[in-house]
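The values are calculated or read from the model by the stated rules, or taken from the named source; none is laboratory data. Keep in mind the model is a prediction, meaning the values are calculated, not measured. Cβ atoms come from the backbone with ideal geometry, glycine included; neighbour counts cover every protein chain shown. When the accessible area is computed, the model is the full protein with side chains, heavy atoms only, and any ligands, DNA or RNA have been set aside. Shrake-Rupley method; radii C 1.70, N 1.55, O 1.52, S 1.80 Å.
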Amino acid sequence: MDRKTINVTINGEQYIRNVEVYMTLAEFLREEIGLTGTKIGCNEGECGGCTVIFNGRPVNSCIVLVNEIDGGDVLTIEGMSQDELHPIQEAFLEVGAVQCGFCTPGMVMSAKAILDQNHHPSEAYIRKNMEGNICRCTGYVRIMKGIILAAERMYGKAE
Ligand code: FES
Ligand code: FES
(Lines give C-alpha, C1' and ligand atoms only; values in the text may rest on other atoms or scores of the structure.)
(Ligands and ions follow the chains in the order given, each with its own letter.)
Protein backbone atom coordinates (compact mmCIF):
# COMPACT_ATOMS: atom_id res chain seq x y z
CA MET A 1 0.00 0.00 0.00
CA ASP A 2 1.23 3.49 -0.82
CA ARG A 3 1.88 5.69 2.13
CA LYS A 4 2.46 9.39 2.42
CA THR A 5 3.31 11.86 5.16
CA ILE A 6 0.67 14.53 5.45
CA ASN A 7 0.58 17.74 7.40
CA VAL A 8 -2.89 18.93 8.27
CA THR A 9 -4.48 21.33 10.71
CA ILE A 10 -7.48 19.93 12.56
CA ASN A 11 -9.47 22.17 14.90
CA GLY A 12 -6.51 24.55 15.07
CA GLU A 13 -3.91 21.88 15.89
CA GLN A 14 -1.26 20.68 13.49
CA TYR A 15 -0.92 16.94 12.84
CA ILE A 16 1.86 15.30 10.84
CA ARG A 17 1.10 11.66 10.10
CA ASN A 18 2.35 8.97 7.77
CA VAL A 19 -0.80 7.39 6.37
CA GLU A 20 -2.02 4.99 3.76
CA VAL A 21 -3.03 7.22 0.86
CA TYR A 22 -6.40 5.56 0.27
CA MET A 23 -7.58 6.12 3.83
CA THR A 24 -10.57 8.46 3.87
CA LEU A 25 -10.66 11.65 5.86
CA ALA A 26 -13.48 10.19 7.99
CA GLU A 27 -11.35 7.15 8.86
CA PHE A 28 -8.34 9.36 9.47
CA LEU A 29 -10.25 11.54 11.92
CA ARG A 30 -11.82 8.64 13.79
CA GLU A 31 -9.07 6.01 13.74
CA GLU A 32 -5.84 7.97 13.46
CA ILE A 33 -6.68 11.12 15.43
CA GLY A 34 -9.36 9.70 17.73
CA LEU A 35 -12.01 12.27 16.86
CA THR A 36 -15.07 10.04 16.79
CA GLY A 37 -17.65 12.84 16.75
CA THR A 38 -17.65 12.62 12.95
CA LYS A 39 -20.02 9.76 12.11
CA ILE A 40 -19.81 7.28 9.28
CA GLY A 41 -23.24 6.22 8.05
CA CYS A 42 -23.50 5.27 4.38
CA ASN A 43 -19.74 5.61 3.73
CA GLU A 44 -20.49 6.58 0.14
CA GLY A 45 -21.25 10.29 0.13
CA GLU A 46 -25.03 10.01 0.43
CA CYS A 47 -26.09 10.76 4.02
CA GLY A 48 -24.01 13.72 5.22
CA GLY A 49 -23.36 12.12 8.61
CA CYS A 50 -19.61 12.54 8.11
CA THR A 51 -19.71 16.24 7.15
CA VAL A 52 -16.74 18.32 8.25
CA ILE A 53 -15.53 21.70 7.04
CA PHE A 54 -12.42 21.48 4.89
CA ASN A 55 -10.73 24.73 3.85
CA GLY A 56 -13.95 26.60 4.65
CA ARG A 57 -16.32 24.33 2.74
CA PRO A 58 -18.48 21.43 3.91
CA VAL A 59 -17.38 18.04 2.59
CA ASN A 60 -18.47 14.45 3.05
CA SER A 61 -15.33 13.19 4.74
CA CYS A 62 -16.10 9.56 3.78
CA ILE A 63 -15.36 10.34 0.14
CA VAL A 64 -12.32 12.59 0.64
CA LEU A 65 -8.97 10.79 0.71
CA VAL A 66 -6.26 11.84 3.13
CA ASN A 67 -4.08 12.28 0.10
CA GLU A 68 -6.26 15.28 -0.81
CA ILE A 69 -6.07 17.06 2.53
CA ASP A 70 -2.33 17.57 2.83
CA GLY A 71 -1.65 21.18 3.84
CA GLY A 72 -5.33 21.83 4.50
CA ASP A 73 -7.46 22.93 7.39
CA VAL A 74 -10.23 20.77 8.85
CA LEU A 75 -12.91 21.73 11.35
CA THR A 76 -14.82 18.89 13.00
CA ILE A 77 -17.65 18.85 15.51
CA GLU A 78 -15.07 18.65 18.32
CA GLY A 79 -13.69 22.01 17.21
CA MET A 80 -17.06 23.73 17.42
CA SER A 81 -17.18 24.11 21.17
CA GLN A 82 -14.60 24.55 23.87
CA ASP A 83 -16.07 25.14 27.32
CA GLU A 84 -19.54 25.98 26.06
CA LEU A 85 -21.69 24.61 23.30
CA HIS A 86 -21.67 26.47 20.00
CA PRO A 87 -24.88 28.53 19.48
CA ILE A 88 -25.95 26.09 16.74
CA GLN A 89 -25.64 23.18 19.15
CA GLU A 90 -27.51 25.09 21.84
CA ALA A 91 -30.31 26.00 19.45
CA PHE A 92 -30.61 22.39 18.23
CA LEU A 93 -31.01 21.17 21.80
CA GLU A 94 -33.45 23.92 22.67
CA VAL A 95 -35.87 23.26 19.81
CA GLY A 96 -35.59 19.46 20.00
CA ALA A 97 -33.68 19.02 16.73
CA VAL A 98 -31.73 16.09 18.20
CA GLN A 99 -33.32 12.68 18.59
CA CYS A 100 -31.01 9.68 18.14
CA GLY A 101 -28.24 12.20 17.43
CA PHE A 102 -26.47 10.20 14.74
CA CYS A 103 -26.97 12.83 12.05
CA THR A 104 -26.40 15.75 14.42
CA PRO A 105 -22.64 16.33 14.04
CA GLY A 106 -23.00 16.43 10.27
CA MET A 107 -26.06 18.67 10.50
CA VAL A 108 -24.26 21.09 12.81
CA MET A 109 -21.23 21.28 10.51
CA SER A 110 -23.41 21.90 7.45
CA ALA A 111 -25.37 24.53 9.38
CA LYS A 112 -22.11 26.24 10.37
CA ALA A 113 -20.98 26.28 6.73
CA ILE A 114 -24.31 27.83 5.71
CA LEU A 115 -24.25 30.51 8.40
CA ASP A 116 -20.63 31.38 7.64
CA GLN A 117 -21.71 32.18 4.08
CA ASN A 118 -25.16 33.61 4.71
CA HIS A 119 -26.03 35.19 8.06
CA HIS A 120 -29.75 35.36 7.31
CA PRO A 121 -30.58 32.31 5.21
CA SER A 122 -34.15 31.68 4.06
CA GLU A 123 -35.73 28.28 4.69
CA ALA A 124 -35.40 27.52 0.99
CA TYR A 125 -31.69 28.39 1.08
CA ILE A 126 -31.13 26.17 4.11
CA ARG A 127 -33.10 23.31 2.56
CA LYS A 128 -31.10 23.54 -0.66
CA ASN A 129 -27.77 23.56 1.14
CA MET A 130 -28.70 20.79 3.57
CA GLU A 131 -30.15 18.40 1.01
CA GLY A 132 -27.13 16.14 1.41
CA ASN A 133 -27.78 15.69 5.14
CA ILE A 134 -30.22 12.90 5.90
CA CYS A 135 -32.09 12.53 9.20
CA ARG A 136 -34.26 9.50 9.79
CA CYS A 137 -35.78 10.79 13.05
CA THR A 138 -36.76 14.44 13.14
CA GLY A 139 -38.55 15.24 9.90
CA TYR A 140 -36.22 18.25 9.46
CA VAL A 141 -38.68 20.88 10.78
CA ARG A 142 -36.90 21.23 14.11
CA ILE A 143 -33.50 21.20 12.46
CA MET A 144 -34.64 24.10 10.28
CA LYS A 145 -35.98 25.92 13.36
CA GLY A 146 -32.69 25.34 15.16
CA ILE A 147 -30.63 26.83 12.34
CA ILE A 148 -32.86 29.90 12.08
CA LEU A 149 -32.77 30.40 15.85
CA ALA A 150 -28.99 30.08 15.85
CA ALA A 151 -28.72 32.58 12.99
CA GLU A 152 -30.82 35.10 14.94
CA ARG A 153 -28.73 34.66 18.05
CA MET A 154 -25.44 34.89 16.22
CA TYR A 155 -26.25 37.64 13.71
CA GLY A 156 -29.53 39.27 14.83
CA LYS A 157 -32.91 39.11 13.16
CA ALA A 158 -33.12 39.59 9.40
CA GLU A 159 -34.45 43.02 8.33
S1 FES B 1 -21.03 8.60 5.79
FE2 FES B 1 -20.28 10.08 4.47
S3 FES B 1 -21.97 10.79 3.38
FE4 FES B 1 -22.74 9.12 4.55
S1 FES C 1 -31.68 12.62 14.95
FE2 FES C 1 -31.62 10.51 14.39
S3 FES C 1 -30.91 10.53 12.36
FE4 FES C 1 -31.25 12.59 12.81
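About its Cα centre, what dipole magnitude does the stretch 1-131 give when the only charges are +1 on Lys and Arg Cβ and -1 on Asp and Glu Cβ, stated in debye to the nearest 20?
Numbers: 9 positive and 19 negative charges, 43 e Å.
It comes to approximately 200 debye.
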* Set of lysines with alpha-carbon distance to LYS39 below 17 Å, sequence-local pairs under 8 removed -> LYS112
* Asked: If you place +1 on the Cβ of every Lys and Arg and -1 on the Cβ of every Asp and Glu, how big does the dipole about the Cα centre of the stretch 3-78 come out, in debye to the nearest 20?
  -> 60 debye
* Asked: Hey, what do the phi angles of the stretch 93-103 turn into as Karplus ³J(HN,Hα) couplings, whole Hz, using 6.51/-1.76/1.60 and θ = phi - 60°, x for Gly and Pro?
  -> 5, 4, 8, x, 7, 10, 10, 5, x, 5, 7
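In debye, nearest 20, what is the charge dipole magnitude of the stretch 104-159 about its Cα centre with +1 on Lys and Arg Cβ and -1 on Asp and Glu Cβ, if you could check? Please list the in-between numbers first.
Working: 8 positive and 5 negative charges, 42 e Å.
Using only the charged Cβ atoms, the result is roughly 200 debye.
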* q = 0.11, 0.13 Å⁻¹: log10 I(q)/I(0) that the Debye formula gives for the chain, counting C-alpha atoms only -> -0.42, -0.58
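Could you sort SER81, SER122, SER61 by accessible area so the largest value comes first, with the probe set to 1.4 Å? Write out the running numbers ahead of the final one.
Numbers: SER81 30, SER122 65, SER61 0 Å².
Ranking SER81, SER122, SER61 by accessible area, largest first, yields SER122, SER81, SER61.
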* Asked: Of CYS62, TYR155, VAL141, which is farthest along the charge dipole of the chain in the positive direction, counting Lys and Arg as +1 and Asp and Glu as -1 at C-beta?
  -> VAL141
* Might you work out the accessible area of CYS47 for me, using a 1.4 Å probe with all protein chains in place, and round it to the nearest 10 Å²? => 30 Å²
* Asked: So how tilted is helix 141-155 from the main axis of the chain? Cα-based, degrees 0 to 90, rounded to 10.
  -> 90 degrees
* To do: Please turn the phi angles of the stretch 77-88 into ³J(HN,Hα) values with the Karplus equation 6.51 cos²θ - 1.76 cosθ + 1.60 (θ = phi - 60°), one per residue in order, whole Hz, x for glycine and proline.
  => 4, 5, x, 7, 9, 10, 7, 10, 5, 5, x, 5
* If you plug each phi of the stretch 112-120 into the Karplus form 6.51 cos²θ - 1.76 cosθ + 1.60 with θ = phi - 60°, what whole-Hz ³J(HN,Hα) values come out, in order, with x for Gly and Pro? -> 4, 4, 5, 5, 5, 8, 9, 6, 10
* Structure fact -> Interchain or sequence-distant (5+) residues whose placed amide H lies within less than 5 Å of the amide H of CYS42 are CYS47, GLY49
